[in-house]
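For reference, the structure is listed below as structure tokens.
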Amino acid sequence: MPVRVGVVVFPGSNCDRDTVHALALADAEPVVLWHEQASLEGVAAVVLPGGFAYGDYLRAGVIARFSPIMRAVSAFAADGGLVLGICNGFQVLAEAGLVPGALLRNESLRFAGREVAIAAERADTAFTHALERRRPLRMPVAHGEGCFYADEATLDALERDGQVLFRYVDATGTDAQPGNPANPNGSLRAICGVMNAGGNVAGLMPHPERAAEAILGSDDGMGIVRSLVDSALQAAAGTAPREAVAR
């Protein structure tokens, strides 16, 4: 029986259907979760998709983080549940304090919408175990506030504790530091994806769901989607975290 993976939909989400399609391709059963509901409906993992939740008013993700469903997502994550935030979903997770760092305005002050290359720093996590470490992956970015920022002490701690999940890389596979054209937003230390300390919550700015089939120009994103689905299947088969309900 396919594992159930939730896809949260906020007003302004625009990648939820892409995410549902990619999860179905990975043999999961996608479950659409509306932002006003309090229950996660017993899913084994949750994805916060890309888009412009609540129009990105005030600051990207800052209003969405107060949605009723985010109380359930936060409780689910605290119980060890798997949560992945993509682009706007990453911004929401950062605003909610579920992943470290902040996503600032792009260094260019312009919206970035193009294909980039990224590489996984680790291939032993719930989100990357189907990938080859440091092999460049092609997928698009589409954001105006994607510059990953943290103070130096936090950046050093993320490096030390293995919480850096993905980095932007250039054509040679070298980390694309700020100022390198391969870094689309000026993210510090080329970071485009991070995890929480527990390794069960992750966010990344590029869109793996938009690189889920060769017809889209790249299917490199499916390794991330399949990693999540496989990890969710293992969680469902074992001692899955209890369903968290907002109160």
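The values are calculated or read from the model by the stated rules, or taken from the named source; none is laboratory data. Values in this document were obtained by computation on a predicted structure and should not be read as measured data. With ideal geometry, Cβ positions are generated from the backbone for all residues, glycine too; neighbour counts draw on all protein chains shown.
For the stretch 122-132, indicate whether the set of residues that are among the charged types (D, E, K, R), touching a Lys or Arg at 6+ places or on another chain (Cβ under 7 Å) and in a loop (DSSP other than H, G, I, E, B) is non-empty. Yes, that holds for at least one residue.
So that you can scan it fast, the table gives a plain yes or no per residue for (1) in a helix (DSSP H, G or I); (2) basic (Lys, Arg); (3) modelled with pLDDT under 95:
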site	(1), (2), (3)
Arg17	yes, yes, no
Ala24	yes, no, no
Pro30	no, no, no
Gln37	no, no, no
Gly42	no, no, no
Gly55	yes, no, yes
Arg59	no, yes, yes
Leu84	no, no, no
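The rows are residues; the columns are (1) in contact (Cβ under 8 Å) with a residue 12 or more places away in the chain; (2) buried (at least 23 other Cβ atoms within 10 Å of the Cβ); (3) assigned to a helix (DSSP H, G or I); (4) not aromatic (Phe, Trp, Tyr).
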site	(1), (2), (3), (4)
Phe148	yes, yes, no, no
Gln177	yes, no, no, yes
Ala182	yes, no, no, yes
Asn185	yes, yes, no, yes
Arg189	yes, no, yes, yes
Cys192	yes, yes, no, yes
Ala197	yes, no, no, yes
Pro206	yes, yes, no, yes
Arg226	yes, no, yes, yes
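Do we have Arg4 as basic (Lys, Arg) and over 16 Å from the mean Cα position of the chain (by Cα) here? Judged against the criteria, Arg4 is a match.
Against the numbered list (1) in contact (Cβ under 8 Å) with a residue 60 or more places away in the chain; (2) assigned to a helix (DSSP H, G or I); (3) not aromatic (Phe, Trp, Tyr), Thr154 comes up short only at (1). Under 8 Å by Cβ, and 6 or more places apart or on different chains, what pairs join a residue from the stretch 89-106 that is under 17 Å from Phe66 (Cα atoms) with one that is among the polar types (S, T, N, Q) and assigned to a helix (DSSP H, G or I)? From residues that are under 17 Å from Phe66 (Cα atoms), the pairs are Ala96/Ser74; Leu98/Ser74. Taking the criterion of being in contact with a strand residue (DSSP E or B) (Cβ under 9 Å, 6 or more places away or on another chain) and not hydrophobic (A, V, I, L, M, F, W, C), the residues of the stretch 21-58 that qualify are His21, Glu29, Pro30, His35, Ser39, Glu41, Gly42, Pro49, Gly50, Gly51.
Taking the stretch 1-15, which residues are assigned to a loop (DSSP other than H, G, I, E, B), of a type outside the set (Val, Ile, Thr) and either out of contact with any Ser or Thr (no Cβ under 8 Å at 6 or more places or on another chain) or on the phi > 0 side of the Ramachandran plot (or both)? Within the stretch 1-15, Met1, Pro2, Pro11, Gly12, Asn14, Cys15 qualify. Scanning the stretch 122-144 for residues that are over 13 Å from Ala202 (Cα atoms) and crowded, with 20+ Cβ neighbours inside 10 Å yields Leu131, Leu137, Met139, Pro140, Val141, Ala142, His143.
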